[in-house]
Amino acid sequence: MAFVHLHTHSEYSLLDGANRIPELLDRVQALGMDSLAITDHGNLHGAWQFYREARARKIRPILGFEAYVAFGDRHKRERPPPEAPGPYSHLVLLAKNRTGYQHLVKLSSIGFLEGFYRRPRIDREVLERYSDGLIGLAACLSGEIALYLRQGNYEAAKASAQYFAGVFGPNGFWLEVQDHGLAEEKTVTAGMFQLARELGLPVAATNDAHYLRKEDAEAHDVLLAIGTGKDLDDPNRFRFFGQESYVKSEREMSALFPDHPDVVAETQRVAELCEFDFEKRYFLPQYPRPAEFASDNDLLVHLARAGANRRATETHSPRASRSGSTTSCR
């Protein structure tokens, strides 16, 4: 199959994603897809379960997360600079290899330990430091490039795209287009294609999948209300509009971009760049054996006998006897 879901939220996007990993993989398998990425918000909590379940189904697991990137220093808690289009932006990160996975772990940890302010944020400084082995996708309407395009600030969007392309290097960064039926997505998509032409960057189509099937949209809306502590009938609460944030088939994705079939095919190219396997190893401490002992067993016998002699001596010492004679029960 040509299409691969590269922007997918599982139940580990807590109170936001409604996709349970086994059912998600079963659905992808039923759709005939051979690869899948999960990109939960700021975390890798589902990585091992997803990897194990995907391998059991002969599906390539692509490990990643959707990062929150601070505008400015991740350590700061005050409002972002006036020129920033929001308090933070989104950026999808995928592991190409073992180094990439190790860097994902590092970035996620930094987000929680150093940059947490309402969200586990990273910043450009650590992204540059740990970008090796990673693929970046421009993310949804809350991605940095998309935020500038939504503001009509094309030059800032262009500078942002150039920056990320430089950080991730050749075959390392993709502009991202989505179509959930939102008016702003049309503006962003047009801008993304213009940037692609001017900068020579590839574009990948994604569907920000938070639930499994179209009919699950109502249940997901209830989940969002619980997560934000709001009543369902609150007109000002955060919600998804429409019923399009589900795991779509390749045919459905192709129908969204009939004039750009390449953006669907690009997802397969991204997937083929991502090959990572967990390595099962035991990290046991090493105890060097002195040369006078022929085997570990000889050393163990020696230590056991020495310890037994020491305890016997301590038990029968005058001090131990005096201490024992003063003990009483009441």
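In table form, for the structure just shown:
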quantity	calculated
Qualifying positions in segment 139-162 - within 9 Å of Leu195 (Cβ to Cβ) and touching a strand residue (DSSP E or B) at 6+ places or on another chain (Cβ under 8 Å)	Ile145, Ala161
Single residue of Glu78, Glu114 found to be at pLDDT 95 or above and acidic (Asp, Glu)	Glu114
Residue among Arg237, Arg251 that is open to solvent by less than 50 Å² (accessible area, probe 1.4 Å) and not polar (S, T, N, Q)	Arg237
Which listed residue, of Cys329, Cys274, is open to solvent by 70 Å² or more (accessible area, probe 1.4 Å) and either modelled with pLDDT of 95 or more or not in a helix (DSSP H, G or I) (or both)	Cys329
Complete set of residues in segment 90-113 that are small (Gly, Ala, Ser) and in a strand (DSSP E or B)	Ala95
Residue match in segment 108-120 (condition: among the charged types (D, E, K, R), within 24 Å of Thr206 (Cβ to Cβ) and free of Cβ contacts under 8 Å to residues at least 60 places away in the same chain)	no
Inter-residue pairs, beta-carbon under 6 Å, first under 16 Å from Glu23 (Cβ atoms) and in segment 212-232, second among the hydroxyl-bearing types (Ser, Thr, Tyr) and open to solvent by less than 40 Å² (accessible area, probe 1.4 Å), 6+ apart	Arg213/Tyr246; Lys214/Tyr246; His220/Tyr211
Boolean, Asp231 is among the charged types (D, E, K, R) and in a helix (DSSP H, G or I)	no
Test for Ser108: is it surrounded by fewer than 22 Cβ atoms within 10 Å (Cβ to Cβ) and either at pLDDT below 95 or within 22 Å of His7 (Cβ to Cβ) (or both)	yes
Flag for Tyr12 being open to solvent by 10 Å² or more (accessible area, probe 1.4 Å), part of a loop (DSSP other than H, G, I, E, B), among the aromatic types (Phe, Trp, Tyr) and touching a residue at least 12 places away in the same chain (Cβ under 8 Å)	yes
Residue identified as more than 14 Å from the chain's Cα centre (by Cα) and assigned to a loop (DSSP other than H, G, I, E, B) among Gly17, Gly32	Gly32
Every pair of residues 6+ apart whose Cβ atoms lie under 8 Å, when the first sits in segment 136-161 and is within 18 Å of Tyr68 (Cβ to Cβ) while the second is among the charged types (D, E, K, R) and assigned to a helix (DSSP H, G or I)	Ala138/Glu144; Leu141/Arg150; Leu141/Glu184; Leu141/Glu185; Arg150/Glu184; Ser160/Glu144
Tabulated pairs, segment 22-51, first among the basic types (Lys, Arg), second in a loop (DSSP other than H, G, I, E, B) and open to solvent by 10 Å² or more (accessible area, probe 1.4 Å), C-beta under 7 angstrom, 6+ apart or interchain	Arg27/Leu212
Filtered residues of segment 70-105 (kept if open to solvent by less than 10 Å² (accessible area, probe 1.4 Å) and under 13 Å from the mean Cα position of the chain (by Cα))	Leu91, Val92, Leu93, Leu94, Ala95, Gly100, Leu104
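Conditions (1) among the charged types (D, E, K, R); (2) modelled with pLDDT under 95; (3) more than 25 Å from the chain's Cα centre (by Cα), marked per residue:
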site	(1), (2), (3)
Ala190	no, no, yes
Glu198	yes, no, yes
Ala204	no, no, no
Gly229	no, yes, no
Asp233	yes, yes, yes
Ser249	no, no, no
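Residue-wise test of (1) within 30 Å of Val126 (Cα to Cα); (2) open to solvent by 10 Å² or more (accessible area, probe 1.4 Å); (3) in a strand (DSSP E or B).
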residue: Ala2; (1), (2), (3): no, yes, no
residue: Ile38; (1), (2), (3): yes, no, yes
residue: His45; (1), (2), (3): yes, yes, no
residue: Trp48; (1), (2), (3): yes, yes, no
residue: Glu53; (1), (2), (3): no, yes, no
residue: Gly64; (1), (2), (3): yes, no, yes
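The values are calculated or read from the model by the stated rules, or taken from the named source; none is laboratory data. Everything numeric here is computed off the predicted structure, so don't read it as measured data. Note that we place each Cβ from the backbone using ideal geometry, even for glycine, and neighbour counts take in every protein chain shown. Quick note on the areas: whole protein, heavy atoms, side chains included, nothing else; ligands and nucleic acids left out. Shrake-Rupley method; radii C 1.70, N 1.55, O 1.52, S 1.80 Å.
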